[in-house]
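A short worksheet on the structure shown next.
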Amino acid sequence: TVPATPLPSRQKMAMELPPGFTAGDGSGGGGPSAAEEAQMEEQMEQMMQQILTPEAMDRLKTLAVVKKDKVRQVQMQIIKMAQSGQLKQKIDDEQIKAMLNESAGGQKKVTMKRRTYFDDEEEDGDSDSDLM
C-alpha cells in the first residue's frame with residue numbers, strides 16, 4: 001500500500017502560484033463571481049428605479065419570481081431604450097404590461113375550461129339501459 005500523504009492546503013498552493021495568478025474556487029467558470037453578479041443586480045435595480053414608476057417596479061418584481069428570464073429581457077430592452085434617448089418620461093404599469101405582451105411573441109394565452117360531468121343518470125335525460 002502507498003502511505004497517505006497529506007494534500008497541500010489551499011493557502012499553501014496559493015503561495016506557490018506564480019505572480020499574477022490567484023487560487024480559484026475550483027468552479028472553473030470564467031463568468032462573474034457571486035460578488036460581481038450581486039453588484040450588477042444592484043446597479044440594474046437602481047437603473048430600473050430611475051426609469052420605472054413604483055407600480056411598474058412592483059409588477060416586474062412579482063413576475064421575476066416566476067419568469068426571471070422574461071423580466072431580464074424586458075429590463076434589457078428598457079435600458080437600451082433609455083440609453084438611446086427614446087424615453088421621455090418614466091415607464092408606467094400599462095407600458096410594462098404592453099412590453100411584456102410584446103416580448104411574449106408567438107406565445108398564446110392559455111385558458112382552461114373545466115367540464116362538468118353528471119353522476120346521476122336522470123340528469124342527462126337519457127337512460128343508459130338501451131346500451132346494455
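The table below lists the values:
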{"read-out": "Residue order for VAL71, VAL65 - accessible surface, 1.4 angstrom probe, largest first", "value": "VAL65, VAL71"}
{"read-out": "About the Cα centre, charge dipole magnitude for segment 33-82 (Lys/Arg +1, Asp/Glu -1 at Cβ), debye", "value": "320"}
{"read-out": "Exposure ranking of SER103, SER33 by accessible area [1.4 Å probe, largest first]", "value": "SER33, SER103"}
{"read-out": "Phi to ³J(HN,Hα) by Karplus 6.51 cos²θ - 1.76 cosθ + 1.60 over segment 85-98, Hz, x for Gly, Pro", "value": "x, 7, 8, 9, 8, 5, 7, 9, 4, 5, 5, 5, 4, 4"}
{"read-out": "Extent along principal axes [Cα atoms of segment 53-104; Å; largest to smallest]", "value": "30, 19, 15"}
{"read-out": "Nonlocal amide H pairs with LEU52, under 5 Å, H built at 1.01 Å", "value": "ILE91"}
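The values are calculated or read from the model by the stated rules, or taken from the named source; none is laboratory data. Predicted model only: the values in this text are computed from it and were never measured. Positions of Cβ are generated from backbone atoms using ideal geometry, with glycine treated the same way; all protein chains shown enter the neighbour counts. The area values use the complete protein model at the heavy-atom level, side chains included, leaving out ligands, DNA and RNA. Shrake-Rupley method; radii C 1.70, N 1.55, O 1.52, S 1.80 Å.
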